[in-house]
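Novice: Please find one structure pasted underneath; my questions will follow.
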Amino acid sequence: MSPEIITLLILLSASILFFTEVIPIPVTAMAVPVALSLTGILESEAAFSYWGNQWVMLFLAMFIVGEGVFRTGFAGYIGERILRLAGGSSTRFLILIMFVIGIMSAFLNNTGTTAVFLPIVISMSHKKGMSPRTVLMPVAYAASLGGTMTVIGTPPNAIINSTLETYSLEAFGFFEFARVGGVMFVAGIIFLTLGKKFLPEDEEFEADPESLNIDRGEIRHDKMKRSMAILLLVLVAMITGFISLLTAAMLGAVLTIISGCITVDEAFSAVNWTTIFLFAGMLPLGTAMEKTGSALMIAEGITSYASHPLLIFAAIFLITVFLTNFMSNTATSALMAPIGIEVAMAAGMNPHPLLLGVAMASSCCFLTPVATPPNALVLGPADYSFIDYLKTGWMLQIMVFILAMIFIPLFFPF
């Protein structure tokens, strides 16, 4: 059997396992480099080398920095300020909470932001007399949309940059994703505010006037200024480039622990290991698809049916959306990124708009709870069903596709 067919079979097997979750997602990701090594597609050193990949380590560090920000009480502080600014208006409250969580997701990772803000949002909702079912889905969607604006906001953006670097192509800058992600974020907030009739409701909900008394373990308020200073240092370093992204993130993680903002045990528990395992396990598959030519096979299949750049872009975007709504967005972006590059090369196109399309399609998925980590995180606390996501998300999904078709080619011509 040829190497390209073996690689495609590994890809297909991984996709099926991600879809069905017959075995845990991190285990499937771990099995991919094992399979690539056992079949001789990649040398074992290459197959497992991505555990030290800069984007894997960058996200690990930022999980720790983000935990420091939250453990020192900053999240609760923000919650109280939101309630004051919202006054008696539920609409203003919804706009403010979506905006704040979206912006924080751009700099602290959308998964971590959603996880830590979840109990605070539930408490604020009760105090405002609003059902968490009405608030948590917009929060999840805002976190996903906000995460698209920077290279560290969501794993797919980092995977896209890593794939571009694998092909010796120029990676996107820290804020370049925001050209399109920012448009989608603002449009999403407007839609979710005006389209409240699409949001799930809870007829049996009763308001709880209690304030933000949430058991979040030890909150080190005296360390809040330290954690904010560390975060500011990291962001300034990343944005200006006077320290490399990875060095800045690791410096922030080290300072967060040394300064007493969090303990070593809290740092370990703060890391979303599923994200880390998906990164490290799936990235070598892109290398294998490039090496064996399997990505080129898929690319030629797509370009044989679509020749116009806009149609090719639409095909890549919609395939990514379909896959992401049923499997991890991190895994989907890792699978689709090398295909996008090969499609662009086969069609004589600039690969950057296609790769940006993959990034946006991987993160802006709203139709199922498994599409993105924020979607999954609110499923249980709000007692949502699959149908709730479909009812709320279908128009937003169409809107994101239309915006991508307009703005990505505008900022990154084919």
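What follows is calculated from the coordinates using simple rules that are stated; it is not laboratory data. Predicted model only: the values in this text are computed from it and were never measured. Backbone-built Cβ (ideal geometry, glycine too); neighbour counts: all protein chains shown.
Novice: Over all alpha-carbon pairs in region 307-414, figure out the percentage whose distance exceeds 17 Å. It would help to have the intermediate numbers written out before the result.
Specialist: Values: 2937 of 5778 pairs.
Of the Cα pairs, 51 percent sit more than 17 Å apart.
Novice: If R0 is 51 Å, what FRET efficiency do you get for Val186 and Leu38 from their C-beta distance, rounded to 0.05? Before the final figure, lay out each step's value.
Specialist: Numbers: r = 48 Å, r/R0 = 0.93.
Here the calculated transfer efficiency is 0.60.
Novice: With r as the distance between the Cβ atoms of Ser90 and His221 and R0 = 30 Å, compute the FRET efficiency 1/(1 + (r/R0)^6) and round to 0.05.
Specialist: Values: r = 29 Å, r/R0 = 0.97.
My answer for the efficiency is 0.55.
Novice: Full-extension gain between Ile103 and Ser2, please, as 0.36 nm times their residue separation minus the C-alpha to C-alpha distance. Before the final figure, lay out the partial values.
Specialist: Details: separation 101, 0.36 × 101 = 36.36 nm, distance 4.70 nm.
In short, 31.7 nm is gained.
Novice: Rounded if a/c is under 1.5, else prolate if a/b is larger than b/c, else oblate: which is region 1-63, with a ≥ b ≥ c the root eigenvalues of its Cα gyration tensor?
Specialist: Details: a/c = 2.66, a/b = 1.30, b/c = 2.04.
Oblate.
Novice: Roughly how tilted is helix 90-108, in degrees to the nearest 10 and between 0 and 90, from the longest Cα axis of the chain?
Specialist: Approximately 50 degrees, to the nearest 10.
Novice: Also, I was wondering about something else. Computed over the Cα atoms of region 56-115, what is the convex hull's projected area averaged over all directions, in nm²?
Specialist: Details: hull surface 15.9 nm².
In nm², the orientation-averaged hull projection of region 56-115 is 4.0.
Novice: In a solvent-free Debye calculation with one equal scatterer on each Cα, what is log10 I(q)/I(0) for region 222-374 at q = 0.10, 0.17, 0.20 Å⁻¹, listed in the order of the q values?
Specialist: The Cα Debye sum returns log10 ratios of -0.50, -1.01, -1.15.
Novice: Shape call for region 80-170 from the C-alpha gyration tensor, a ≥ b ≥ c root eigenvalues: rounded (a/c under 1.5), prolate (a/b greater than b/c) or oblate?
Specialist: Numbers: a/c = 3.49, a/b = 2.96, b/c = 1.18.
Note, shape of region 80-170 comes out prolate.
Novice: If you don't mind, there's one more thing I want to ask. Taking only the Cα atoms of region 357-414, how large is their convex hull per residue, in Å³? Please list the in-between numbers first.
Specialist: Working: hull volume 4.0 nm³, N = 58.
About 69 Å³ per residue, rounded to a whole number.
Novice: Something else about it: Count neighbours as other Cβ atoms within 10 Å of each site's Cβ, and list the GluC sites (Glu not before Pro) in region 117-192 that are DSSP loop with at most 11 such neighbours.
Specialist: On the way: sites: Glu165, Glu170, Glu176; in loops: Glu170, Glu176.
Loop-located and lightly packed - Glu170.
Novice: Less than 17 Å apart at the alpha-carbon level, and either on another chain or at least 8 residues along: which lysines does that give for Lys225?
Specialist: Within the straight-line limit of under 17 Å, Lys225 reaches no lysines at all.
Novice: Helix-only mean residue ellipticity at 222 nm, the chain, DSSP H runs n ≥ 4 weighted -39,500 (n - 2.57), per residue, nearest 500. What is it? Could you put the intermediate results ahead of the total?
Specialist: Numbers: 20 runs with 301 residues, N = 414.
That calculation yields -24000 deg cm²/dmol at 222 nm.
Novice: Compute the separation of the alpha-carbon centres of region 1-69 and region 280-323 and state it in Å as a whole number.
Specialist: Region 1-69 and region 280-323 have Cα centres separated by 18 Å.
Novice: Identify all lysines with a Cα-Cα distance to Lys391 below 29 Å; exclude those on the same chain that are fewer than 8 residues away in sequence.
Specialist: The qualifying lysines are Lys127, Lys128, Lys196, Lys197.
Novice: For q values of 0.21, 0.22 Å⁻¹, compute log₁₀ I(q)/I(0) with the Debye formula on a Cα-only model of region 215-306, without solvent.
Specialist: Calculated log10 I(q)/I(0) at the listed q: -1.08, -1.12.
Novice: Within 10 Å, count the other beta carbons around each residue, average over each peptide in 100-108, 38-46, 187-195, and list them highest first.
Specialist: Numbers: 100-108: 25.1, 38-46: 14.7, 187-195: 16.7.
Those peptides, ordered most packed to least, come out 100-108, 187-195, 38-46.
Novice: A follow-up question, please. Pop a pseudo-label 7 angstrom from the Cα along the beta-carbon direction at both Val254 and Ser168 and give the gap in nm to one decimal.
Specialist: It is 3.3 nm.
Novice: Could you give the Stokes-Einstein D for the chain in µm² per second, using the C-alpha Kirkwood radius, 20 °C, 1.002 mPa s?
Specialist: Details: Rh = 21.6 Å.
Using the Kirkwood radius from Cα pairs, D works out to 99 µm²/s.
Novice: Okay, moving on. Find the percent of Cα-Cα distances in region 309-364 that exceed 15 Å, and round it to a whole number.
Specialist: On the way: 542 of 1540 pairs.
For region 309-364, the share of Cα pairs beyond 15 Å comes to 35 percent.
Novice: Continuing with this model, one more query. Based on the Cβ-Cβ distance of Ile406 and Glu45, what FRET efficiency does E = 1/(1 + (r/R0)^6) give at R0 = 51 Å, to the nearest 0.05?
Specialist: Values: r = 44 Å, r/R0 = 0.87.
So, using R0 = 51 Å, E works out to roughly 0.70.
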